[in-house]
Amino acid sequence: MYNRDVRINMRKFESGDFDRLWQMDQECFPPGIAYSRLELMHYMRRPNAFTVVAEADGEVAGFVVGECWNSKGHVITLDVAEPFRRQGIGSKLMLECEARFAQTGCTASLLETAVNNFPAITFYKDHGYVVLKTIPRYYEGSLDALLMGKKLSNTTPPRSTPSAREKRNSRPGSE
Ligand SMILES: CC(C)(COP(=O)(O)OP(=O)(O)OC[C@H]1O[C@@H](n2cnc3c(N)ncnc32)[C@H](O)[C@@H]1OP(=O)(O)O)[C@@H](O)C(=O)NCCC(=O)NCCS
């Protein structure tokens with residue numbers, strides 16, 4: 001259910017966020033799929049990577065790590081803490097990530113998700129992603145992943161402009 005009073009704010013990662021983001025990743029994914037501290041740090045520090053943090057009423061509620069490479073954007077991870085889900089925060093992070101991809105000249109956005117992660121698959125399909133292929137034994141050498149992708153174009157809304165879907169779902173007090 002939407003909390004109509006929550007104020008959502010997107011901001012840049014700050015070094016003091018790291019422990020909370022890593023903890024959130026541990027809570028969002030099962031062992032073997034969740035990143036170790038070193039892995040998360042490694043991905044966030046890659047040269048073309050960026051991290052966007054979502055705050056809800058000043059509390060860290062989610063984050064996305066993306067990377068641009070060879071005109072392709074790669075969503076490395078997208079995490080929303082359980083109490084803050086289904087309030088549009090994942091969607092806002094996704095739009096921010098895609099806008100950054102487009103601004104750096106990426107023509108497509110790619111990501112992997114576990115074949116049994118139905119909430120994420122539904123979420124990504126809702127955002128226009130299609131399944132490109134199945135990657136056998138991608139996780140821990142046993143669980144398959146879906147490679148999903150979406151073409152980006154000049155129509156990708158700039159960060160300050162809400163999409164039609166966001167307008168539909170916009171709530172008083174959200175930014
Ligand atoms: C997937 C995830 C990021 C979605 O974040 P969120 O903030 O809840 O997403 P939104 O509120 O923006 O949802 C947008 C739409 O996605 C779909 N969706 C999201 N969660 C869903 C769920 N659990 N079941 C079915 N559909 C879902 C719905 O269509 C939803 O629209 P609606 O709420 O109007 O029905 C979040 O569930 C999460 O962090 N999961 C754990 C980590 C993960 O799996 N990350 C993605 C793989 S890398």
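Let's see if you can work this out: charge +1 on each Lys and Arg Cβ, -1 on each Asp and Glu Cβ, no other charges. What is the dipole magnitude of the chain about its Cα centre, in debye to the nearest 20?
Using Cβ point charges on Lys, Arg, Asp and Glu, the chain gives about 720 debye.
Over the Cα atoms of the chain, Rg to Rh with Kirkwood Rh, two decimal places?
Ratio of gyration radius to Kirkwood radius for the chain: 0.93.
Just to confirm my numbers, what's the Cα centroid distance between region 77-128 and region 132-153 in Å?
Their Cα centres are 14 Å away from one another.
Taking only the alpha-carbon positions of region 13-74 and ignoring solvent, what does the Debye formula give for the base-10 log of I(q)/I(0) at q = 0.22, 0.24 Å⁻¹?
-0.95, -1.08
Can you tell me the length gained on complete extension of the stretch Thr104 to Glu27, counting 0.36 nm per residue apart and subtracting the Cα distance?
Here the answer is 24.6 nm.
Of all DSSP beta bridges in region 5-141, what percent run antiparallel (nearest 5)?
Details: 21 of 25 bridges.
Of the beta bridges lying entirely in region 5-141, close to 85 percent run antiparallel.
Based on other C-beta atoms within 10 Å, arrange Trp69, Trp22 from fewest to most. Don't skip to the answer; put the middle values down first.
Working: Trp69 14, Trp22 20.
Ranking Trp69, Trp22 by Cβ neighbours within 10 Å, fewest first, gives Trp69, Trp22.
No value in this document is a laboratory result; all are computed from the given coordinates. Just so it is clear, the model here is predicted, and its values are computed rather than measured. In this analysis, Cβ positions are derived from the backbone assuming ideal geometry, glycine residues included, and neighbour counts consider all displayed protein chains.
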